[in-house]
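The values are calculated or read from the model by the stated rules, or taken from the named source; none is laboratory data. What you see is a predicted model, and the numbers here were worked out from it, not measured in a lab. Note that each Cβ is placed from the backbone with ideal geometry, even for glycine, and that neighbours are counted across all protein chains shown.
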Amino acid sequence: MAWGLFTARPCANHDGLPYKKINHFINYTPFYKRGTSFGVFNTGYGLALLIGSALMGRLYDLSQTGVLIAFTCAAETIAVFPYVNMIRTVKAAREMEAAV
């Protein structure tokens, strides 16, 4: 029981966080394309998670701690750019919606 209490919150954050972000885009997607939008997002997210985890696991197995840290830092830095682009896109869509 105690194990579940300590692990439930981090797992919920990992699983729920992307859906908070994708809902911004889904709200601006036509109703008939929302299923496709969720599918494309989940496919990309799943593939990125699989590839990144496999690569990090392989680096960990090879005891390449420095390379592992560099890869993690680079991946996090690169992830900032799509995030900023997403924020700009959502703001632009909201401004267009407010102007109409």
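Quick one: what pairs do we get from region 38-55, first residue under 19 Å from residue 23 (Cα atoms) and without any contact (Cβ under 8 Å) to a residue 60 or more places away in the chain, second assigned to a helix (DSSP H, G or I) and of a type in the set (Val, Ile, Thr), C-beta under 9 Å, 6+ apart or different chains?
38/22; 38/26; 41/22; 41/26; 42/22; 45/22
If residue 56 satisfies all but one of (1) out of contact with any Leu (no Cβ under 7 Å at 6 or more places or on another chain); (2) at pLDDT 85 or above, what's the number of the condition it fails?
Failing condition for residue 56: (1).
Report every pair of residues separated by at least 6 positions or lying on different chains whose Cβ atoms are under 7 Å apart, first residue within region 65-94 and farther than 18 Å from residue 48 by Cα and modelled with pLDDT under 85, second among the aliphatic types (A, V, I, L, M) and in a helix (DSSP H, G or I).
none
Go through region 64-96 residue by residue and tally those that are among the hydroxyl-bearing types (Ser, Thr, Tyr) and under 25 Å from residue 28 (Cβ atoms).
2
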